[in-house]
Structure formats: structure tokens, C-alpha cells
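One structure below.
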Amino acid sequence: MPDTEAPDVTPYDALLLLSFGGPEAPEDVVPFLENVTRGRGIPRERLEEVGQHYHLFGGRSPINDQNRALLAAIREDLAGAGIDLPVYWGNRNWDPYLADALRQMRDDGVQRAAVFVTSAYSCYSSCRQYRENLAEASAEVAAEGRGVPALDRFRQYYNHPGFVEPVVDATLAALAELPEAVRDEARLVFVTHSIPEAMNDASGPGGGAYVAQHRSGLGAVVDRVRQETGRRHDHDLVYCSRSGPPQVPWLEPDVNDHLAELEKGGTPAVVLIPIGFVSDHMEVIYDLDTEALATAAELDLPAVRAATPGIDPRFVAMVRDLLVERAAAERGEAPARPALGSLGVMPDRCAVGCCANARGPRPALGGQDS
Ligand SMILES: CC1=C(CCC(=O)O)c2cc3nc(cc4[nH]c(cc5[nH]c(cc1n2)c(C)c5CCC(=O)O)c(CCC(=O)O)c4C)C(CCC(=O)O)=C3C
Ligand SMILES: [Fe+2]
């Protein structure tokens, strides 16, 4: 970039990619599931079933390779913008673990890092739990007596144009794959991870943010699709990957049940849009591509699954935009904060009590009280 100056990322001297992690070999599957579900009361049968999903794909989750690709793309994007910043990667549930990433950062002399989490929405699982992970790993590394970098987690980005625009294009591409005769009447079925109703009720600063954010974000997608096609497609928000004991209510309807209802009601075709996922996780390749598409085929309902953002250049550039935005804010400036839809921008630091942990308060970084 000869003519433009590199954006200022002071006070940051590193970027950290924080993700879920996944098994990479058959022998990893059980220990991985134990890490995920420790103390979360998930029935044995559900764990065995989910283990089978992983074994169907050779015991290897796609998520770590997707994060390796994202890491490479972020590094390339930052370098292309003239930003010279090391990028680290750590997971909640599998190697490379978050605490090891923080140790490496400490050893490399990192003082203050910005944190990008591979999860776009507010709820305990997708937001506060990561903030607890940051607090716990920081405390673990700090206890070694050689310091630990300060960590600032980015705001939620479900409504950032860099997330929404790739979903719009993926929806248009999926519509184009449907037979022309049914394309105009195709229903847009947005899918996200189910969570317990109580977790949704406690999500965000005022409660209910998980569902509200999905509705607002998918509304922006539907509007943009209409601009491109001239049609406002009927649409729904439905759920996949329900877990937990049967007596605990989770968000419904399940995507498979919903497809059966749509078919009964005469819907001629559907596009499945995994709006809750930033890349093709196991939930996408198993719950949607394997299970839901099989349900649609049984129903004789034409269905196409839209792509996730993955390493779309706009999604990758969004990470840089969030970095530059947050750096400016931390320097006391008032940066532009792009956001689509009706709900506005989420704060850089979560409100006190936001996305409460059902099992009681635990230390969490990135809050107004941390
Ligand atoms: C909201 C949400 C996201 C989206 C936000 C984000 O991306 O973080 C997400 C992502 C993911 N969830 C994943 C995997 C699992 N989630 C589980 C369990 C659970 N998820 C929950 C919620 C979420 N999960 C909840 C409320 C539970 C019940 C237990 C608990 O209350 O904690 C279980 C245990 C078995 C089961 O119960 O199904 C597994 C194996 C993977 C990796 C996939 C891969 O390998 O590609 C990813 C990206
Ligand atoms: Fe999950």
C-alpha cells in the first residue's frame, strides 16, 4: 500500500483468535466431548450420538483446519494492509489450548492483545463462557509469576457488514442452484444452534438477545436478497443440534420438524442458511448437510444449503476492521462502527450480568465490571 498509511493499531501488539476446538483423530473424540460437557449435565446417550457424528467423519472435526485457514487469511490480510502484528490461536476445548497460547504470547513479550472469538452472537455458550475462559486461562498463566498479556475481546459482529454480506451472497448462490421453476417461491430457512430457553432468556444486557440478534441479522439478509432478486422471500428462524436432558426446554422448532411442516404446507423448495455459524462446523456438515438434507430428500422437497462466511475476504477484512475500530476506541477516539439491522452496536465491554452463567457467577474478562 504505497499511498496510504497503515492503520494505527496502538495499543495492541498482538491479535488472538479464540475458538471452540475440535477432535482431530478417533482417539480424541471422547476426551474432547468430556472437555466440552464437563459439569454440564449432558445425558450419556446424547454424548454417544454426537460421538458417532464425529466418527462418521473419521473422528476429525473440520473446525481446527478452518481456523488454520482463517489464521493464514487474517495474517495475509493484515500484512496486505501494512499492519505488522503477530496473530495467535487458542481454543476452549482442544489443542491448541487457550492457556498455551497465552503462555506463548507472554514468552514473546506481548503486553496487550485484541481477541476475536469465532462466535457472532450473545449468549452464555457463545459469549460469556469465552469470557470466563479468558479469565481462567489468564489467571492460570499469571500464577506462573511472569505476567500475562491484557486481553480485549471485540464486540459481537453478527450485524457487521463483513458477516452479513457473505451470507447474502451465499443465499443468492444457493437460490441460483435451485430449479428455476421453484426458485422464486423458495423459502429461506435460517438455522442456528439451539440453546436452552433459559439461556436465551438470560442472553445479552436485557435478556432474549440471542434470538433477537438472529432475527435482526437475518432480516438484514432478507432485505438485501430482495434488493438483488426483487423478491421478498418467506423466511423462518429454526434450530439444530439440540442437546441436554429431554425435560429441559430448548429453542424450537428443530430444522427437520420444520421441513416436514413446510412440505405439508406446500412450500416448493428451501434454502438452508446456517446463519448461526461462521464456518462449516460439525453442526453444519452433520446436522444440516447429512441429516437435514436427507430429511428434505425423503420429503421430496428441493433444498440447498448456503455457504458459511469461512474465509470470505469480506469476513477476514472484518476482523481487521474490528481491530482498527477497537484500537481507536481504546485510544479515546470515536471510530465509525458499522452495523446493519435494527438493534445497533453492541458495547465493547459487556454489561454487568450480561449472558449470566446459570451455575452462578464466575470471573469473566471483557465486562464493564472486569
Ligand atoms: C450457541 C452455541 C454455539 C455457537 C457459538 C459458538 O460457535 O461458540 C456452539 C458451537 C459449537 N458447539 C460445538 C460442539 C459441541 N457443543 C456441545 C454442546 C452444547 N453447545 C451449546 C451451544 C452452542 N455451541 C450448548 C448450550 C451445549 C450444551 C452443553 C453446554 O451447555 O455447554 C457439544 C456436546 C454434545 C452435545 O451436547 O451436543 C459439542 C460436541 C462446536 C464444535 C463443532 C465442530 O467440531 O466442528 C461448536 C463450534
Ligand atoms: Fe455446541
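Of everything in the range 242-276 that is under 22 Å from residue 119 (Cβ atoms) and away from ligand 2 (no atom under 16 Å from the Cβ), the residue that is surrounded by the fewest Cβ atoms within 10 Å (Cβ to Cβ) is 252.
Which members of the range 1-35 meet the condition of being within 13 Å of ligand 2 (Cβ to nearest atom), buried (at least 17 other Cβ atoms within 10 Å of the Cβ) and not in a loop (DSSP other than H, G, I, E, B)? Talk me through it step by step, then tell me what you get.
Within the range 1-35, the subset within 13 Å of ligand 2 (Cβ to nearest atom) is 19-22, 32-33, 35.
Still in the running and buried (at least 17 other Cβ atoms within 10 Å of the Cβ): 19-22, 32-33.
Across the range 1-35, the qualifying residues are 19, 32, 33.
Would you check if there is a residue in the range 37-60 being within 23 Å of the chain's Cα centre (by Cα), over 30 Å from residue 202 (Cα atoms) and surrounded by 20 or more Cβ atoms within 10 Å (Cβ to Cβ)? Scanning the range 37-60 turns up at least one residue that is within 23 Å of the chain's Cα centre (by Cα), over 30 Å from residue 202 (Cα atoms) and surrounded by 20 or more Cβ atoms within 10 Å (Cβ to Cβ). Restricting the range 210-240 to residues that are within 12 Å of ligand 1 (Cβ to nearest atom) and assigned to a helix (DSSP H, G or I), the residue that is nearest to residue 123 (Cα to Cα) is 210. For the range 180-202, filtering for residues that are within 15 Å of the chain's Cα centre (by Cα), within 12 Å of ligand 1 (Cβ to nearest atom) and not β-branched (Val, Ile, Thr) leaves 2. Among the criteria (1) among the β-branched types (Val, Ile, Thr); (2) under 29 Å from residue 358 (Cα atoms); (3) outside the structural domain of residue 79 (by TED's automatic domain parsing), the one residue 63 does not fulfil is (3).
Going by what's in this entry, would residue 296 be described as in a helix (DSSP H, G or I), touching an Asp or Glu at 6+ places or on another chain (Cβ under 9 Å) and touching a residue at least 40 places away in the same chain (Cβ under 8 Å)?
No.
Would you confirm whether any residue within the range 29-42 is closer than 25 Å to residue 130 by Cβ and in contact with a Leu (Cβ under 7 Å, 6 or more places away or on another chain)? Spell out the reasoning first.
First pass over the range 29-42, keeping only residues closer than 25 Å to residue 130 by Cβ: 29-42.
Subsequent filtering for residues that are in contact with a Leu (Cβ under 7 Å, 6 or more places away or on another chain) retains 33, 37.
The answer is yes, given that some residue of the range 29-42 is closer than 25 Å to residue 130 by Cβ and in contact with a Leu (Cβ under 7 Å, 6 or more places away or on another chain).
The values are calculated or read from the model by the stated rules, or taken from the named source; none is laboratory data. The structure displayed is predicted, hence computed values, not measured ones. Please note: Cβ atoms are built from the backbone with ideal geometry, for glycine as well, and neighbour counts cover all protein chains shown.
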